[in-house]
Amino acid sequence: MKDASEMDLKSIARSVLEKLGADTSALDSGSMASFSPVTGEQLAALPEHSVADVTAAIGRAATAFRSWRKVPAPRRGELVRLMGEELRAAKDDLGRLVSIEAGKSPSEGAGEVQEMIDICDFAVGLSRQLYGLTIATERPGHRMMETWHPLGVVGVISAFNFPVAVWSWNTALALVCGNPVVWKPSEKTPLTALACQAVLDRALARFGDAPEALSQVVIGGRETGEALVDDPRVALVSATGSTRMGRQVGPRVASRFGRSILELGGNNAGIVCPSADLDMALRAIAFGAMGTAGQRCTTMRRLFVHDSVYDQLVPGLIKAYGSVSVGNPLTTQALVGPLVDGQAYEAMQAALKAAEDAGGTVHGGTRVTDVAPEAAFYVKPALVEMPSQTGPVLEETFAPILYVMRYSDFEDVIEQHNAVGAGLSSSIFTTDLRESEAFLSAAGSDCGIANVNIGTSGAEIGGAFGGEKETGGGRESGSDAWKSYMRRATNTINYSHQLPLAQGVVFDI
Ligand code: NAD
């Protein structure tokens, strides 16, 4: 395959899809255009699935569920093991496609695929560990236990910024838990979704006897997603995206008593304490705030720096912001790639203007035009020194803006830290045990992820991933996140000749 400088991205994307075995015949036959953030060029114009198509896909998935739920979990794990093998073989190609379609650096594109491989490994082990408890019963001659059963069709709705990993987090767990998946990827990243399906199809072919339609992709925007959200046959909707989306999806799923996992926006903060290793903090903050051009849900967006170290740390950070390389992630070694599109650029500029109006001093944030065609949107990451946490600081703007504020009192900074709607990720930089433990305690960070001496982004697969408050409360990936993909039954078995009732109730007839 030629490299990015010799070929247009559309052709590269196509040849990657073909190599992975995806059907490319319909890529130009529809009206849903997708673009590469790297150059702004159009990659495809796909036909959208209608509501009727989605309904039919859910019907096929419901049929698949009837047989897949009866396949022993370790055997289901074998499919996910094969999926992991196919992903290993496809890592370079799929990572490249992620870079083309989502604008990530090659290392971040490959890293996303590695995350998919990691969750497969995790899920294979899990397929032999879907344990229920045996529970002491008060009734003699009885046994009480819980059993975990497959749940049903899982609908996955995903965001543009992790176009493949989020699908795999859900799919690897859903499959070992005995559930089929219908996936609606972001309308901005349909090609990586087709590639993922092709990779899983290879694993399915090797597996042999899986039911048809165990995994399907439906292409489209909000309406296509709504068809998944509203269908009562979709037992679980796992939706990743903005808090705005979650506000719509959550109540709709709840109104039909469906289950949801909501993985929504973040407004993640770091606290730099007087005892912090400032060199390490600077590097962690730079990656956390500027990496992936500020387009991770866990991107660091707020930074509280103690008065006593502010003048040592912040000038260095401003310097790093000024010198960081911005450019085409496919043809250069630039650390900061493009924003996803012009809308993201406009939102960033509006936030910077609002910050300035609120008394902030903006460093950076300007458009970089000499690295790519007009249709692509590259920016210098912005560091904004704010007098207080106000205005745009309280909201997530999905772009590389870091709001920096001073603090002097530890308890007060914890209050400030928690005084935003989102509750995804957080970190503290300190070598003071009392401060780090207080930050991790019940009265500390209110986020689903709380770190010490590392940044807010870059979670590993083994832990449960997700956040509180306006981040939606969902958990995916590791730990016991699998329980959301299964239903629990409590079973009580009477092996005696008596019928004692619980709580001493008497009912003699
Ligand atoms: P988005 O909310 O615009 O779209 C996400 C997905 O939801 C898309 O597939 C979209 O088509 C779909 N959608 C939107 N409205 C819908 C509706 N009413 N019903 C059904 N589907 C609907 O988000 P985006 O711009 O693609 O992604 C960025 C956002 O995602 C940020 O807020 C980021 O923090 C968040 N995000 C969160 C996590 C997490 O794990 N917490 C991970 C990645 C991204």
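The values are calculated or read from the model by the stated rules, or taken from the named source; none is laboratory data. As the structure is a prediction and not an experimental result, all values here were calculated from the model. Cβ sites come from the backbone with ideal geometry, for glycine too, and all protein chains shown count toward neighbours. When the accessible area is computed, the model is the full protein with side chains, heavy atoms only, and any ligands, DNA or RNA have been set aside. Shrake-Rupley method; radii C 1.70, N 1.55, O 1.52, S 1.80 Å.
Taking a cut-off of 15 Å between Cα atoms, list the aspartates and glutamates near Lys319, but don't count ones fewer than 8 places away on the same chain.
Once the sequence-local aspartates and glutamates are set aside, what remains near Lys319 is Asp279, Asp311, Glu385.
If I model a spin label at Asp8 and Asp412 as a point 7 Å from the Cα along the Cα→Cβ vector, what separation in nanometres do I get?
Taking the two extended label points, one gets 5.8 nm.
So who's got an amide H within less than 5 Å of the one on Phe377, skipping anything under 5 residues away but keeping other chains? H placed 1.01 Å off N, in plane.
Leu339
With a sphere of radius 12 Å drawn around the Cβ of Pro180, what net charge do the other residues whose Cβ falls strictly inside it have (Lys, Arg +1; Asp, Glu -1)?
+4
How much of the accessible area of region 430-483, in percent, comes from carbon and sulfur atoms when a 1.4 Å probe is used?
Of all accessible area on region 430-483, carbon and sulfur atoms account for 49 percent.
Please say if the chain is rounded, prolate or oblate, where rounded means a/c under 1.5 for a ≥ b ≥ c the square roots of the C-alpha gyration tensor eigenvalues, and otherwise the choice is prolate for a/b larger than b/c and oblate otherwise?
oblate
Filter the GluC sites (Glu not before Pro) in region 457-509 to those in DSSP coil with at most 12 other Cβ atoms within 10 Å of their Cβ, and list the result.
Glu460
Which lysines, if any, have their Cα less than 24 Å from the Cα of Lys10, not counting same-chain residues under 8 positions apart?
Filter leaves Lys2, Lys19, Lys91, Lys104, Lys184, Lys188.
So between Asp432 and Val324, what do we pick up on full extension, going 0.36 nm a residue minus the alpha carbon distance?
Using 0.36 nm per residue and subtracting the Cα-Cα distance, I get 35.8 nm.
Taking the Cβ of Ser67 as the centre, find all other residues whose Cβ is under 14 Å away and add up their charges (Lys, Arg: +1; Asp, Glu: -1).
+4
Roughly how many nanometres apart are two label points built 7 Å out from the Cα toward the Cβ at Ala350 and Thr137?
Here the modelled spin labels are 6.0 nm apart.
Only sites in a loop by DSSP and with at most 14 other Cβ atoms within 10 Å count here; which chymotrypsin sites (Phe, Trp or Tyr not before Pro) in region 113-211 make the cut?
Listed in order of number, the matching sites are Tyr131.
Hey, if we sort Ser484, Ser31, Ser479, Ser168 by accessible area with the 1.4 Å probe, largest down, what's the order?
The residues order as Ser31, Ser479, Ser484, Ser168, largest area first.
Each residue of region 71-87 in turn: what ³J(HN,Hα) in whole Hz from Karplus with 6.51, -1.76, 1.60 and θ = phi - 60°, glycine and Pro shown as x?
6, x, 4, x, 5, 4, x, 4, 4, 6, 4, 5, 4, x, 5, 5, 5
Let me cross-check Lys184: its accessible surface, 1.4 Å probe, with only protein heavy atoms counted, in Å² to the nearest 10?
10 Å²
Just the Cα atoms of region 373-509, one point each, no solvent: what log10 I(q)/I(0) does Debye give at q = 0.10, 0.15, 0.19, 0.21 Å⁻¹?
-0.54, -0.90, -1.24, -1.39
Excluding ligands and nucleic acids, what accessible area in Å² is computed for Asp341 using a 1.4 Å probe, to the nearest 10?
Looks like 40 Å² after rounding.
Using a 7 Å offset from the Cα along the Cα-to-Cβ direction at both Val452 and Gln333, what is the distance between the two label points in nm, to one decimal?
Calculated label separation equals 3.5 nm.
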